[in-house]
1. Lys/Arg Cβ at +1, Asp/Glu Cβ at -1, dipole of region 147-201 taken about the Cα centre: which of Pro171, Ala190, Gly149 is farthest positive-ward?
2. At a 1.4 Å probe, what is the % contribution of carbon and sulfur to the accessible area of region 53-125?
3. Over the alpha carbons of region 141-221, what is the largest minus smallest coordinate on each principal axis, giving the biggest first in Å?
4. Can you give the FRET efficiency for Glu78 and Arg117, using 1/(1 + (r/R0)^6), R0 = 25 Å, r = Cβ-Cβ distance, to the nearest 0.05?
5. Please report the base-10 log of the normalised intensity I(q)/I(0) for region 1-94, using a Debye sum with one equal scatterer per alpha carbon and no solvent, at each q in 0.15, 0.21, 0.22 (1/Å).
6. Which whole-Hz ³J(HN,Hα) couplings does region 130-138 yield from phi under the Karplus relation 6.51 cos²θ - 1.76 cosθ + 1.60, θ = phi - 60°, glycine and proline marked x?
7. In Å, the Kirkwood hydrodynamic radius of region 38-171 over pairs of distinct alpha carbons?
8. Rounded to whole Hz and in sequence order, give me ³J(HN,Hα) for region 173-190 from the Karplus expression 6.51 cos²θ - 1.76 cosθ + 1.60, θ = phi - 60°, writing x for Gly and Pro.
Amino acid sequence: MTRAAAWVDDPFAEAVRTGRGPLWLLRGDGGRIRLDIERWCAPAAGADLGLLQRCTRLATPVLDLGCGPGRLVTALLELGVPTLGVDITAAAVARTRRLGGPALSRSVFDRLPAEGRWGGALLADGNLGIGGDPAALLRRGAELLAPGGVLLVEVEPRDADERCTVRVEGPDGRLGPPFEWARLGADAAARRARATGLAELERWTSHGRSFLALRKAFRMR
């Protein structure tokens, strides 16, 4: 029997196919974190627009790490920005491709095209939590960028610095397998970024969401 994989064999994949929730991350202590699946499956809007604008100005071409249903990939392509999405969930990759966006079904830690040559990379929609080790994920983001490239990261709107074990919970109460997740606010994310050679370029808040722009040094020490 094969082992179920988070985001692949759980309610998230079904929600991506239908474009509907509700969907939560269920913590070990019983707390819930709402996943905004309907927004992810809708066209880019609201705070997305500031993120897209910064991509066109600071970071091109763009690698969308954990692209989900593909709204940012397709929006960037419409703006003329070469973009590639990466996601481990086959349903998310398929939806992105149906929208006309190129996407690969891989982990962000797998070998990816043009490593070290991307002008920008995105970690939006809570994807800084991938793997439960933000420091490792930020290092990986830095590896993928060209010198001077920019990593655009969505962070928690409030102070946070935690790692936890969670499961995806669907509207019928069905649970996916447990996995490690992390939640960081801007200060905690900026501290970890500095240790990877990423310098804070900007932080901003829009429509209740918060972001950091992190630049890779033109010359690494």
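The values are calculated or read from the model by the stated rules, or taken from the named source; none is laboratory data. Every value quoted in this text rests on a predicted model; they were computed, and no experiment measured them. All Cβ positions, glycine included, derive from the backbone under ideal geometry; neighbour counts span all protein chains shown. When the accessible area is computed, the model is the full protein with side chains, heavy atoms only, and any ligands, DNA or RNA have been set aside. Shrake-Rupley method; radii C 1.70, N 1.55, O 1.52, S 1.80 Å.
1. Gly149
2. 53 percent
3. Taking max minus min along each principal axis of the Cα atoms, region 141-221 gives 50, 27, 18 Å.
4. Once the sixth-power term is evaluated, E becomes 0.60.
5. Reported log10 I(q)/I(0), two decimals: -0.65, -1.06, -1.12.
6. Each residue of region 130-138 in turn: 3, x, x, 9, x, 4, 5, 5, 5 Hz.
7. Values: mean 1/r = 0.0666 Å⁻¹.
That comes to 15.0 Å for region 38-171.
8. Rounded to whole hertz, the list is x, 5, 10, x, x, x, 7, 8, 9, 9, 9, 10, x, 5, 5, 5, 5, 5.
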